[in-house]
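The values are calculated or read from the model by the stated rules, or taken from the named source; none is laboratory data. No experiment lies behind these values; they were computed from the predicted model shown. Note that we place each Cβ from the backbone using ideal geometry, even for glycine, and neighbour counts take in every protein chain shown. For accessibility, only protein heavy atoms count, side chains too; no ligands or nucleic acids. Shrake-Rupley method; radii C 1.70, N 1.55, O 1.52, S 1.80 Å.
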Amino acid sequence: MRLSLKHFILLLFVPSLFAQVQEEVNAPTNIKSIVFKGEREDQFPIVQMGEPIFLEFDDLLANEQDYYYKIVHCDYDWTPSRLLKSQYLSGIDNQRIVDYENSYTTLQPYSNYKLTIPNDNVGLKVSGNFILEIYNGSNDLQFSRRFIVYKDLVKVGGVVKRSRDFSFINEKQVVQFNINAGGFNWVNPKKEVKVAILQNYHWPTAICNIAPQFTLGDELVYKYDQETSFYGGNEYLNFDTKDLRAPSSAISRIEIMDLYNHFLFPDRFRAERPYTYFPDINGDFVVRTLQGDDVSREAEYTLVHFSIPYSEVIGLDDVYVYGKFNNYALAPENKMTYNESNGMMEATIKFKQGFYNYKYVIERDNEVLELNTISGNFHFTENSYLILVYYRNFGDIYDSIIGVGSANSQFISN
């Protein structure tokens, strides 16, 4: 069958018409403690071209299953790009993860898996948005995670300001920034350049599709107020189980059953209480233990018990314990249930030993997620912001990342 030029052009665009946004897939209950990061302390995988990315996770089935990884390149909107694998990868993915060991002297057995990219089998050729997918031996997708690879070609400077909208002056933070081209040549930056702004590396609340407010020579200036504003939220709550047998300011008591059980002091609603600063790691977690030298294999799994008083604010809706520990998923295992005997919402969740941030969120019947109804919103809250600069020149078939910037509300100003 012969195709006319008209039909050929139409076929070129068919894949993009049906391309789906690549959301992160959360892991089944047997896979825990997924750490995915670059060389920085934050557990957010953003690396410069050539820098390594590290993945580590545990399988509680502890049967040394085979796991495989694939890498997908995506455009700015997280739909798969039109690049062939050979255009964005050197070598071949869909390789088995060969670095794994079983836990040692732990009450909860598990297999620990590690992966580094690039490795002897695969490397990355281009910058941009990527998805790392992990499959089991039956080729079933187990989980996926986004990561960012960038080139440092432009300079990005950002600051955090209080909102000028008096309705939100005590609740919101505004990110203002500029992009300096330096020696980078762009022709029509309002069309070629796109940005994404993330608060605490949290993709669900990212702000995208913001055009520069004006251009000043080689500099793009973004001095918006409402368009680049975020609710401040509150500092995360935390607990630390690095010492299995030691209560703390967060842990009221410890019991040993099949596993160690750590009962946290009841939490409370903070929305109507005055803001109090205490350091957090913005929802993240760090695995650590005092009971062994090899954290990956010797850290125990413990059952951590959460509780918060029931309130009319909750109503008949669902409450979840929320944090990076399970990639901010709303899953049955971190959903709270009402205890009629004491009037508390309660949850029991299995964690690997370490320091964890968390907060409570409400999912309403209309599937609206209220992140800060229980914790409150304060412009004082310390939050980190990441600014990603994407670029697509005329004729390019993918979005590259040419610069990143950061800002922190610790230095917020009027």
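Evaluated over the Cα positions of the stretch 254-346, the convex hull gives a direction-averaged projected area, one quarter of its surface, of 8.3 nm².
Restricting the trypsin sites (Lys or Arg not before Pro) of the stretch 175-252 to loop positions (DSSP other than H, G, I, E, B) with no more than 12 neighbouring Cβ atoms within 10 Å leaves Arg245.
Remark: the chain carries 49 Å² of accessible area per residue (probe radius 1.4 Å; ligands, DNA and RNA excluded). Mean silhouette area of the stretch 290-414, derived from the convex hull of its C-alpha atoms and averaged over all directions, reads 14.0 nm². From the square roots a ≥ b ≥ c of the eigenvalues of the alpha-carbon gyration tensor of the stretch 80-159, which class results: rounded (a/c under 1.5), prolate (a/b over b/c), or oblate? Taking the square roots of the gyration eigenvalues as a ≥ b ≥ c, the stretch 80-159 is prolate. Net charge dipole, the stretch 142-231: roughly 180 debye, given to the nearest 20, about the Cα centre with Cβ charges of +1 for Lys and Arg and -1 for Asp and Glu. Only alpha carbons enter this Debye calculation for the chain, each as an equal point scatterer, and the log10 of I(q)/I(0) it gives at q = 0.08, 0.13, 0.14 Å⁻¹ is -0.50, -1.25, -1.39. Comparing Cα centroids, the stretch 289-319 and the stretch 170-240 end up 33 angstrom apart. Checking the cross-link pairs Lys85/Lys151; Lys242/Lys350; Lys32/Lys335; Lys172/Lys359 against a 26 Å limit on the alpha carbon distance flags no pair as lying beyond it. What part of the accessible area of the chain, given as a whole %, is carbon or sulfur when the probe is 1.4 angstrom? Heavy-atom surface of the chain belonging to carbon and sulfur, 1.4 Å probe: 51 percent. The Rg/Rh ratio for the stretch 202-274 is 1.28, where Rg is the radius of gyration of the alpha carbons and Rh is the Kirkwood radius.
Counting only protein heavy atoms and using a 1.4 Å probe, the accessible area of Glu171 comes to about 70 Å². Normalised by the number of residues in the chain, the average gap of Cα pairs under 8 Å and 6 or more apart makes the relative contact order 18 percent. Shape class for the stretch 121-199: oblate, because the ratio a/c of the largest to smallest gyration tensor axis (alpha-carbon atoms, square roots of eigenvalues) is 1.5 or more and b/c is at least a/b.
Against the empirical 2.2 N^0.38 Å (N residues), the stretch 153-258 has a Cα radius of gyration ratio of 1.62.
Using helices alone, what [θ] at 222 nm do you get for the chain, with -39,500 (n - 2.57) per DSSP H run of 4 or more residues, divided over all residues and rounded to the nearest 500?
For the chain, the value works out to -1500 deg cm²/dmol.
The alpha carbon centroids of the stretch 26-59 and the stretch 373-392 are separated by 21 Å.
Over all other residues within a Cβ to Cβ distance under 13 Å of Arg273, the charged ones net out to -1, with Lys and Arg as +1 and Asp and Glu as -1. Every Cα-Cα pair of the stretch 351-414 was included, and the share exceeding 20 Å stands at 62 percent. Taking packing as the residue-averaged number of other Cβ atoms within 10 angstrom, the listed peptides 272-285, 226-239 run from highest to lowest as 226-239, 272-285.
Rolling a 1.4 Å probe across all protein chains gives Lys155 an accessible area of roughly 120 Å². What fraction, in whole percent, of alpha-carbon pairs in the stretch 80-229 exceed 21 Å separation? Result for the distance tail: 63 percent.
Gyration tensor analysis over the Cα atoms of the stretch 27-121 returns equivalent ellipsoid semi-axes of 27, 15, 13 Å (largest first, whole Å).
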